[in-house]
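Asks: There's a structure below that I have some questions on.
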Amino acid sequence: MRLPLKMWLYCRAGRWLPFLRIRPPEIDRSAVFVLRPGRNSLLKWEKRPSGDVLLTVPQNERAGFVTRTLARWMNVPPERYVELDEVGGFVWELCDGNHTIDAIVQKTSRQFKMNRREAEVSVTMFLQMLHERNFIGFYRKVKKA
Amino acid sequence: MRASHSERSAPMEAEARTVVGWQGVRCVLPADWNVSGFSMDRDNGYLRVDAPGTGSLVVQVRWWNVARSRPRTLYDLAAAVVRRWSRRPEPPVIAPDLRANLDNLLKETARKSRRSHTDFRADIKPERSEGERTAINFTWVGNGRGQGKIWYCATCHRVLIAQVVGAPQEAGAIGAVASQLMGSLRCHGESGYDLWALYDLQIQIPEDFRLDTQKLLSGYLHLEFARGGERIFLDRWGLANLTLKRFTCDEWLRNHAAVNLSRYTRTLRDDLNGHEIAYYEGVLAPAGKLRAFYEARGSLRRFPDAYAGGIWNCDVSNRIYAIQAFLRACDLDVWKGSVQRCVCH
């Protein structure tokens, strides 16, 4: 997805040069809830019988030659593992690019008998954390002209 | 008295409505509406409840107690002290000018509309008496739309302004929510108990207990009430099925109890709210008394000498509830009363 110029500036410069006072544009709450989280295709994952999900994250996949050589020399494992609990695993399974955040919140609150607000807060925080680690990305469904 | 039938049956009809109760103010709203803002002060406070998801409707309730207005002059302050000291009765409360208060609110709203270059219109109905209340209904249209009511209650001496606010084009939805709100809104508790209801929790606590601390996290609620040195702690944990895979209810309470539970007698009770409650009771040990003294910030008024605590798992709502109390031995029924009035599903 192509970023608007202001957002691009924020991502590139505003974060490191605060005196430029480039703020990220305010996003409407309703616009966020229609986004569809999708999993990073580089990640492998498996669901365990207990409901937990084990993510296998490749470490040196996109690293350059020097980093890869250093990693091999220092015996850095090529993968790392992240374990998600039952609730996290449930949300992770729904991050397939077809479910909107709103739908995930609804399903989570129904599955675990959580209050809608509680589910909203937990799910959005969890998705934000997954996004920061590049485990998921967000899609927006665009109507065809 | 137990919670009224209409309130107890609320979660059963979860699709239809939500009960909200805070500082004696309570109302019934459509399903999935949730508290998003509140004040800790009982005499002068506010409450804000938001529509679920992407809805823009908001319910705002603001109240203040006319009988407990802050002393404005040194004379007021001295008079109050002398009156209390000489045990003279409080002076009669003068009914406030509702119209003037409403005008102030509307003036403020009009100013906001003017800032966004929008015309402002308000329609104020004549004042009328509704039993113990004197009330004025009003509607306004500006940069938003609002429908509400202001009233003065002669029983609790509170002036309360409640309104439903939304976008100008949402007149129908505002009207529907406003009629539900106004029909159910109350400004004081019944039979000496206040209803505290938010995020699917409903509990009634004696009205002389004041909310002291709150923690409203996703999946965990903690409310702490105080009356002098006496305390009631309410904890609620979500996702009970996951927690109970690792711990039993007893172990969970032992980990989170306000005192060392090994000193207290444990019994199982199922006569209070239909759940099996692991109940602990006993005279406060010296360490517990020290803790109570610390919690009461050194006050010796109503100093507690007994502990009562119980935990239960509600399968229907998938939550664990724990209610603990530091009380005087003669007041231990307060714990029982609160547990009986706690609606967990």
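Asks: Which is over 20 Å from residue B:223 (Cα atoms) and over 22 Å from the mean Cα position of the chain (by Cα), of B:329, B:308?
Replies: B:329
Asks: Name the residue, out of B:95, B:67, B:78, B:100, that is surrounded by fewer than 13 Cβ atoms within 10 Å (Cβ to Cβ), in a loop (DSSP other than H, G, I, E, B) and small (Gly, Ala, Ser).
Replies: Matching residue, one of B:95, B:67, B:78, B:100: B:95.
Asks: A follow-up question, please. From the list B:176, B:240, which residue is assigned by TED's automatic domain parsing to the domain that holds residue B:24 and modelled with pLDDT of 90 or more?
Replies: Matching residue, one of B:176, B:240: B:176.
Asks: Take the residues in the range A:107-123 that are part of a helix (DSSP H, G or I) and touching a helix residue (DSSP H, G or I) at 6+ places or on another chain (Cβ under 7 Å), then tell me which one is surrounded by the fewest Cβ atoms within 10 Å (Cβ to Cβ). Write out each step before concluding.
Replies: First, the residues of the range A:107-123 that are part of a helix (DSSP H, G or I): A:107-111, A:116-123.
This time we only want the ones that are touching a helix residue (DSSP H, G or I) at 6+ places or on another chain (Cβ under 7 Å), so: A:107-109, A:111, A:116, A:119-120, A:123.
Values: A:107: 17, A:108: 21, A:109: 19, A:111: 15, A:116: 21, A:119: 25, A:120: 24, A:123: 26.
It comes out as A:111.
Asks: Could I ask something else about it? Can you tell me which residues in the range A:107-131 are facing chain B (nearest Cβ under 7 Å), in contact (Cβ under 8 Å) with a residue 24 or more places away in the chain and of a type outside the set (Gly, Ala, Ser)?
Replies: Selection gives A:112 alone.
Asks: Another question, if that's okay. Does the range B:108-115 contain at least one residue that is aliphatic (A, V, I, L, M) and more than 30 Å from the chain's Cα centre (by Cα)?
Replies: There is at least one residue in the range B:108-115 that is aliphatic (A, V, I, L, M) and more than 30 Å from the chain's Cα centre (by Cα).
Asks: Which of the following residues is modelled with pLDDT of 90 or more, of a type in the set (Val, Ile, Thr), under 24 Å from the mean Cα position of the chain (by Cα) and within 16 Å of residue B:226 (Cα to Cα): B:339, B:334? If you could, list the steps in order and put the result at the bottom.
Replies: Working: B:339 fails: within 16 Å of residue B:226 (Cα to Cα).
On inspection, the qualifying residue turns out to be B:334.
Asks: Another question, then. Kindly indicate which of A:75, A:98 is more than 14 Å from chain B (Cβ to nearest Cβ), surrounded by fewer than 16 Cβ atoms within 10 Å (Cβ to Cβ) and either in contact with a Leu (Cβ under 8 Å, 6 or more places away or on another chain) or at pLDDT 90 or above (or both).
Replies: Only one candidate qualifies: A:98.
Asks: Within the bounds of the range B:200-222, is there any residue that is farther than 26 Å from residue B:278 by Cα, among the aliphatic types (A, V, I, L, M) and surrounded by fewer than 22 Cβ atoms within 10 Å (Cβ to Cβ)?
Replies: The answer is no; no qualifying residue exists.
Asks: Could you pull out the residue among A:79, A:118 that is out of contact with any strand residue (DSSP E or B) (no Cβ under 6 Å at 6 or more places or on another chain) and of a type in the set (D, E, K, R)?
Replies: A:118
Asks: Can you list the strands (runs of 3 or more DSSP E) found entirely within the range B:237-330 that contain at least 3 residues being away from chain A (no Cβ under 14 Å) and of a type in the set (A, V, I, L, M, F, W, C)?
Replies: B:277-283, B:306-314, B:319-327
Asks: Name the single residue that is nearest to residue B:163 (Cα to Cα) among those in the range B:111-146 being in a strand (DSSP E or B) and β-branched (Val, Ile, Thr).
Replies: B:139
Asks: Tally the residues that are without any contact (Cβ under 8 Å) to a residue 24 or more places away in the chain, more than 9 Å from chain A (Cβ to nearest Cβ) and not in a strand (DSSP E or B), restricting the search to the range B:219-236.
Replies: Qualifying residue count, the range B:219-236: 0.
Asks: I would also like to ask the following. Out of the residues in the range A:124-140 meeting the condition of being among the charged types (D, E, K, R) and in a loop (DSSP other than H, G, I, E, B), tell me which one is farthest from the chain's Cα centre (by Cα).
Replies: Of everything passing the filter in the range A:124-140, A:140 is farthest from the chain's Cα centre (by Cα).
Asks: Further question: Hey, can you tell me all the residues within the range B:160-218 that are touching a His at 6+ places or on another chain (Cβ under 9 Å) and within 14 Å of chain A (Cβ to nearest Cβ)?
Replies: Narrowing the range B:160-218 to residues touching a His at 6+ places or on another chain (Cβ under 9 Å): B:194, B:200, B:207, B:213-216.
Listed by number, the residues that qualify are B:200, B:215, B:216.
The values are calculated or read from the model by the stated rules, or taken from the named source; none is laboratory data. Worth saying up front: this structure is predicted, and the values here are computed from it rather than measured. Glycine also receives a Cβ, built like all others from the backbone with ideal geometry; neighbour counts cover every protein chain displayed.
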